[in-house]
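Please treat every number below as a calculation from the coordinates, not as lab data. No experiment lies behind these values; they were computed from the predicted model shown. Backbone-built Cβ (ideal geometry, glycine too); neighbour counts: all protein chains shown.
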Amino acid sequence: MQISLNYRFLIALASVLAAFSAVLNFALVQLLWAKSSYVPLWGPHSIAMHFMAFSILYGFILSWLATKATRKALQTQRVLPLHWHLKSQTVIDRLPSSTFSRSFMLGLYGAAISGIMLYLMDLKALYFLNSKEFLILSSLYAICFSVAITTMAVYRALGDRVFQKAKV
């Protein structure tokens, strides 16, 4: 069975952005905590600040890139647009159609996702992590986070109908 055009595009884009996220996160963690043996959960130079800043800023950037790439693919007909009867009317469909507004909202989603992650770490009393453990955790977090944000941005951009306005 062949994978549809939209899914191939989503898998390719999410894979590229996930790999870029992992490399970027690895570089940031090595730059900030290479000399530390432990990384604290709370504080100005901590896991909490890293996850919050990374999630908000990178959620915005990922959404912006994924939306622009999807709109370009729609214009060149490398993907097919979603029609209203094919969409499930989820919260993703309620995201704004403007690229900046959508990116801002997905940046806020990033803050919520990192907040949940930090709450769970606090609940498990993980107040300090070994720097190697933190490197692994933050890399996995960056990959999963980028796939989630990219999927939401691509799905919403497939139903934008922006490409039809440009042709008129």
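The phi torsions of region 3-19, fed into the Karplus equation with coefficients 6.51, -1.76 and 1.60 and a -60° offset, translate into couplings of 7, 5, 4, 5, 5, 4, 5, 4, 5, 5, 5, 5, 5, 5, 5, 5, 5 Hz, rounded to whole numbers, with Gly and Pro shown as x. For the chain, the Cβ-based charge dipole about the Cα centre amounts to some 700 debye (Lys, Arg positive; Asp, Glu negative; other atoms uncharged). Relative to the first principal axis of the alpha-carbon coordinates of the chain, what is the inclination of helix 47-75, with its axis defined by its Cα atoms, in degrees from 0 to 90 and to the nearest 10? The helix 47-75 is inclined about 20 degrees to the chain. 3J(HN,Hα) along region 146-158: 5, 5, 5, 5, 4, 4, 5, 5, 5, 4, 5, 5, 5 Hz, from the Karplus curve 6.51 cos²θ - 1.76 cosθ + 1.60 with θ = phi - 60°, whole Hz, x for Gly and Pro. To test your reading of the geometry: what angle, between 0 and 90 degrees and rounded to tens, separates the Cα axis of helix 99-123 from the longest principal axis of the chain? Tilt of helix 99-123: around 30 degrees. The alpha carbons of the chain occupy a box of 58, 30, 27 Å along the principal axes, longest dimension given first. Database remark: amide H of L80 closer than 5 angstrom to the amide H of N6 (H placed geometrically; neighbours at sequence offset of 5 or more, or on other chains; Pro and chain starts carry no H). Total lysine pairs in the chain at Cα distances under 27 Å, for residues eight or more apart or on different chains: 11. Separation of region 1-48 and region 122-138, taken as the distance between their Cα centroids, equals 16 angstrom.
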